[in-house]
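First comes the structure, then the notes that go with it.
What follows is calculated from the coordinates using simple rules that are stated; it is not laboratory data. If you're wondering where the values come from, they're calculated on a predicted model, not measured in any experiment. Using ideal geometry, Cβ is built from the backbone for each residue, glycine included, and neighbour counts are taken over all protein chains shown.
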Amino acid sequence: MNRDAVLVTGASRGIGAAIAEWLAGDYHVVNLDVAPPAKPSPAELVQIDLRDLAATRACLADLCTRHRFTRLVNNVGMSSAVPLAELGDDLTEASIALNLRAALLCLQAVLPAMTEAGFGRVVNMGSRAALGKELRTVYSATKGGMHALTRTWALELADRDIAVNAVAPGMIDTELFRGANPPDSPITKKLVGAIPMKRLGTPDDVAKVVAFLLSDGAAYMTGQIVHICGGLSVGAVLE
């Protein structure tokens, strides 16, 4: 059994891939993702659709017999831009399963090892969209739920030295963002222009903060939502 492992969900692409790269030098990283990495990754890949309740529980039970996870990054998630009137049950249920329930299942699975070790670090992936974003009813709601879970778990687990924090990225330069927002588009330029720092964030910008929150340097920090948004959450408004 590996005695210093970190479980990262959705680490095959984007922010998750950057997190895996940053953590691999210090920990054994296990990546739970439905797809293989887009490029070579240092993480151990376990392919699983985390929307599948039974399969996820079985996968986590098996992993926890082989690794001692004292750190967890609940990164996986999905987002779709859908008008409220057109939002269907399938998308709502899939988003809740992936954006919220998967995080709960992962923490429940690793919690016995953290409790036994008397130590744990959990980082949840929130979003600036939890403050409100048009066409993101279910995404904003589930990310707001992640923020609430972060605070609740932090209080419940503090006496076990298990710290729970969240990062809330704003607009990050990932394949997903570029696909929906072509760089030369006037709309994209307007979005970037509304960011006080006048640039998109990078996956590394997020990964560095996640790595800190998993480290001993964050030992007295729990229940916090750290916005990584170039100042967008301070008060700028997207018109």
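Overview of results
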{"item": "Label-to-label distance, nm, for residues given as Asp26 and Thr152 (7 Å Cα→Cβ offset)", "result": "2.9"}
{"item": "Local electrostatic count at Thr174 - Lys and Arg +1, Asp and Glu -1, tallied over other residues with Cβ under 12 Å", "result": "-2"}
{"item": "Stokes-Einstein D (µm²/s) once Rh is taken as the Kirkwood radius of the stretch 99-151 over alpha-carbon pairs, at 10 °C in 1.306 mPa s", "result": "131"}
{"item": "Share of alpha-carbon pairs per 5 Å distance bin for the stretch 1-120, given as whole %", "result": "2, 12, 22, 22, 19, 12, 6, 4, 2, 0"}
{"item": "For the stretch 126-180, the fraction of alpha-carbon pairs in successive 5 Å shells from zero, as %", "result": "4, 19, 20, 21, 15, 10, 7, 3, 1"}
{"item": "Whole-number Å³ per residue for the convex hull built on Cα positions in the chain", "result": "122"}
{"item": "Cβ-based exposure ranking for Thr115, Thr222, in which fewest neighbours within 10 Å come first", "result": "Thr115, Thr222"}
{"item": "Rounded Å value of the spacing that divides the Cα centres of the stretch 18-50 and the stretch 125-152", "result": "24"}
{"item": "HN-Hα J in Hz across the stretch 93-104 - Karplus 6.51, -1.76, 1.60, θ = phi - 60°, x for Gly and Pro", "result": "5, 5, 5, 5, 4, 7, 7, 10, 5, 4, 5, 4"}
{"item": "Acute angle (nearest 10 degrees) that the helix 53-66 long axis makes with the longest principal axis of the chain, alpha-carbon atoms", "result": "50"}
{"item": "Gain in span if fully extended, Ala219 to Arg160, counting 0.36 nm per residue against the direct Cα distance", "result": "20.0 nm"}
{"item": "Where labels lie 7 Å past Cα in the beta-carbon direction, separation of Ala38 and Phe177 in nm", "result": "1.2"}
{"item": "Cβ-Cβ FRET estimate between Val234 and Asp184, R0 fixed at 22 Å, reported to 0.05", "result": "0.20"}
